[in-house]
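Undergrad: Below: one structure in structure tokens.
What follows is calculated from the coordinates using simple rules that are stated; it is not laboratory data. Treat the numbers as computed from the prediction; the structure is a model and nothing was measured. Every residue, glycine as well, gets a Cβ built from its backbone with ideal geometry; the counts of neighbours run over all protein chains shown.
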Amino acid sequence: MKKSYLKSPDLLPIRQKDRKITKLGYSFMWVGMVVVLATFAIGGAGVISLSLPWVILATMIGSLAIGFFISLIADIGIEHGLSFPVYMRAPFGTIGTHIPSITRGLAASMWFGINTYFGATAMNGILTILFGFDNWFVCFLIFAIFQLVNTAMGIKSIERFADLAAPIILLISIWMYISLSGTATTAGRDVWGWAEKPVSGSAAFSAFLVVIFSNMGFWATLSADIPSISRFIKAPVNEKNWFKRNKGSLIGNLIAMPLTQTFMIIIGAVSYIAVLNYDPVVALQKAASGIILAILLLMVVLAQWSTNTAANVVPAATIFSNVGGPRFPFWAGVITAGIVGTIVQPWTLFGVIIPILLFVGGILSAIVGILFADYYLIRKRRVNVPELYEDHGQYKYLGGVNLAGFIAWILGAVASYFVPNYGFLVGFVVGAGIYYVLAKYWWFKKYRQAEIEDPNDEKYLGISVGRDWVIDDKGLESVFEEIPNNVDLY
Ligand SMILES: Nc1ccnc(=O)[nH]1
């Protein structure tokens, strides 16, 4: 029997028994994701015009805010086990999903390349110290392959690496903080009071906003496609309370992430204050040497690695596998992400990272707004999941495209582009507002949606009514918790 293009095996809903990420594991994944050289850049850029306490305050506000949005969207993965590109078939259509999701896939691949490049320079530094070997491009290729293999081995393998790397990373970063603040003091600069070109009044306010929205834009990527990860988080069955059901994700998003993010921003700032360069690889090379430097550089390698697998390769590979159809499994998506991330020549991108972050944050924030409106406001968390996998089902709309989603996305992205200082919020509000009105009063009047017409819990909810969505080649079955696990239905 010919398989539907929409039924890639790696994109089917994740069942309860296959959800393997624990609360603690997810928090470790966040520590692993947050510690990455690009995070330091926000701190370093911040202390150019603001003193460190203000940069910290702005970071806490920004990362808590984005953690809140991440948590909202993560419920799609937790409730239904759906990944980002598959859920996006609802607000954008079974074909339309590809345009916004490839946008995100490209951003993720670029990040992969940037992070791999900096990891490769650190690895090169280590090999130079130990063996006198010096060729960063060879290091780039080797490092890329290690990370891709780690990702292709699946989400549990990523978590295991984070469990190992996160504690090491944290310990070394404390050490890094101490040694860099020593360097700053020696240079006669007070870590807690210094700013390179301090500003005041409205310029200070707008610098404060830039730090808030850089932090939000930074993780805006994950607030869109967190379902691709959260679908693997263990969650309680039959739990109607949103907070209790999402506990595994909330602790990571609202505690582990903001705390680590703030700490890393401090390190980036301190390294800028110490050596006037927010690339800690450079800062470290000025502040240490020999075997100590090699250990510090090892931390950079681990940090880049644990960010890349979870935050970049998983999302990109999930998306590419969705584009490629059932013959294009997750691992093929992983390889694609690696190739794309290399050919964009990421070593040229780091200098323009803050403007890119704000820009991409804006584009993605409209998508987050649309997801929020579609999932919570319009469908009220009920989803006719089997139809997401049907070529001619209710999400086909007009030739596979939901125009309400596209119009809202374009207007939201444009709006956020014109107010870059408030990028994420404007994109979110405009995207959500326009989508809500268009979808409710126009599109879904034309294209009827079963879960909106009949918002039945038993039919359209997932884990909170004990359901595992099971998509079968032959049709549309779903299995309830009442059926014992050991009965093989198919
Ligand atoms: N999605 C991402 C955001 C920030 N940094 C990354 O490496 N990836």
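Undergrad: Using DSSP to call loops (not H, G, I, E or B), can you name the trypsin sites (Lys or Arg not before Pro) in the range 214-279 whose Cβ has at most 11 other Cβ atoms within 10 angstrom?
TA: Lys240
Undergrad: While we're on this one: Measure nothing fancy, just the Cα-based angle from helix 23-34's long axis to the longest principal axis of the chain, in degrees from 0 to 90, nearest 10.
TA: So the helix axis and the longest Cα principal axis differ by about 50 degrees.
Undergrad: For every other residue with a beta carbon closer than 14 angstrom to the beta carbon of Ala269, add +1 if it is Lys or Arg and -1 if Asp or Glu, then tell me the sum. Spell out each step's value before the answer.
TA: On the way: positive: Arg189; negative: Asp190, Glu196, Asp279.
Here the count lands on -2.
Undergrad: Could you work out how far helix 330-343 tilts from the main Cα principal axis of the chain, as a 0 to 90 degree angle to the nearest 10?
TA: Roughly 40 degrees between the two axes.
Undergrad: Taking only Cα atoms, what is the 0 to 90° angle, nearest 10, from helix 423-438's long axis to the longest principal axis of the chain?
TA: Compared with the principal axis, the helix lies near 10 degrees.
Undergrad: Just to be sure I understand the curve: with the Debye formula and one point per C-alpha of the chain, what is log10 I(q)/I(0) at q = 0.11, 0.12 Å⁻¹?
TA: After summing over all Cα pairs, the log10 values are -0.87, -1.02.
Undergrad: Just how far, in whole angstrom, is the range 250-272 from the range 163-198 if you go by their alpha carbon centroids?
TA: Spelled out, the Cα-based centre of one part sits 13 Å from the other.
Undergrad: Which one of Asn135, Ile434, Tyr272 is farthest out on the positive end of the charge dipole of the chain, using unit charges on Cβ (Lys, Arg +1; Asp, Glu -1) and the Cα centre as origin?
TA: Positive-end residue among those listed: Ile434.
Undergrad: I would also like to ask the following. Please state, to two decimals, what the Cα-based radius of gyration of the range 42-117 comes to when divided by 2.2 N^0.38 Å (N = residues).
TA: Dividing the Cα radius of gyration by 2.2 N^0.38 Å gives 1.50.
Undergrad: Could you work out the relative contact order of the chain, using alpha carbon pairs under 8 angstrom and six or more residues apart, expressed as a whole percent?
TA: 31 percent
Undergrad: Using only the Cα atoms of the range 125-175, construct the convex hull and provide its projected area averaged over every direction, in square nanometres to one decimal. It would help to have the intermediate numbers written out before the result.
TA: Numbers: hull surface 17.9 nm².
Answer in nm², one decimal: 4.5.
Undergrad: Going down the table (Lys7/Lys459; Lys244/Lys459; Lys7/Lys244; Lys23/Lys286; Lys17/Lys459), which pairs top 27 Å between alpha carbons?
TA: Check vs 27 Å cut-off fails for Lys7/Lys244; Lys23/Lys286.
Undergrad: What does the charge count near Ala120 come to, summing +1 for each Lys or Arg and -1 for each Asp or Glu among other residues with Cβ under 14 Å from its Cβ?
TA: Details: positive: none; negative: Asp134, Asp279.
That sum, taken over residues with Cβ under 14 Å, equals -2.
Undergrad: Taking the Cβ of Leu254 as the center, what net charge do the other residues with Cβ under 13 Å away carry, scoring Lys and Arg +1 and Asp and Glu -1?
TA: Around Leu254, the charge tally is +2.
Undergrad: May I ask which of Lys247/Lys440; Lys156/Lys247; Lys20/Lys396 have a Cα-Cα span longer than 28 Å here?
TA: Those over the limit are Lys247/Lys440; Lys20/Lys396.
Undergrad: Amide H of Asp468: which non-local residues (sequence gap of 5 or more, or other chain) have their own amide H closer than 5 Å, using H built in the peptide plane?
TA: Val479, Glu481
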